[in-house]
Amino acid sequence: MKKSFLVLASAFALLLTGCATQPSVGNTSAGSSGDMSTMQLSGDDFELAAETMINSLLSDPAFANAPAGVRKVVAIGRVKNDTALRIDTERLTAKITRAMRQSGKFVLTTAVAAGGALDSMSEDVRELRDNDEFNQKTIAKKNTLVAPDFSLSGKIRQDNIQVGGKTRVEYFFLLRLTDLNSGLAYWEDEKEIKKLGSSKSVSW
């Protein structure tokens, strides 16, 4: 009797252990990439997207053979968030422009950007002209701001697709670099990140 009780207790314990082991939400299908612990975009996803874009841009024939030291000026254009998530798109563009500057081929302007200057101080200091409280020889002169050669713009898009009883979420990072003199896109690329999980965990 005691032996039978021990067998039943062991079986019950194993059953509880099996029930407690659930597949994590956000497991992806074969071939997908990114942070699989969440259905939403994570820091790892942004790192992966940024690294892909950086490698693509700097290895593109339009820029790979450009001599270092002759820097093209880049302005941040509009990066549209077309997802159901609240996304700080500057997080993505900052990592990319940092790598562009470190390559020695680009420099970022903060005086011009979509939606307003990244740093308004370039304009603010020029408003000090004719202010007797300031030494006018130290004020930025006219015709000294440098206009951008290129604009970095793009979009982050989200598609939700029903797959059986689950939902596959596909995020697309699309970026392009446009020559502002000609209006021609000298580079563009797209990174896709897929996730598969419960519909209850999806942000609509």
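The values are calculated or read from the model by the stated rules, or taken from the named source; none is laboratory data. Everything numeric in this text was worked out from a predicted model, so none of it was measured. Note: ideal-geometry Cβ built from the backbone for every residue, glycine included; neighbour counts use all protein chains shown. What goes into the accessible areas is simple: the full protein's heavy atoms, side chains included, and nothing from ligands, DNA or RNA. Shrake-Rupley method; radii C 1.70, N 1.55, O 1.52, S 1.80 Å.
The table that follows gives values for the structure above.
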| item | result |
| --- | --- |
| Difference of contour (0.36 nm per residue) and Cα-Cα distance, A84 to K142 | 16.5 nm |
| Between segment 160-188 and segment 65-144, the Cα center-to-center distance that results, in Å | 24 |
| Solvent-accessible area of R126 with every protein chain in place, 1.4 Å probe, in Å² to the nearest 10 | 40 |
| Farthest positive-ward along segment 44-83 dipole, Cα basis, beta-carbon charges - from P61, A75, F46 | A75 |
| Computed lengthening from N160 to F134, 0.36 nm per intervening residue step minus Cα-Cα distance | 3.6 nm |
| Cα principal axis extents for segment 127-204, largest first, Å | 72, 33, 13 |
| Distance in nm between pseudo-label sites at A68 and A114 (7 Å out along the Cβ direction from Cα) | 3.1 |
| Å² per residue, accessible surface of segment 39-175 at 1.4 Å | 57 |
| Sequence-distant residues sharing a close amide H with V112 (under 5 Å, placed H) | L118 |
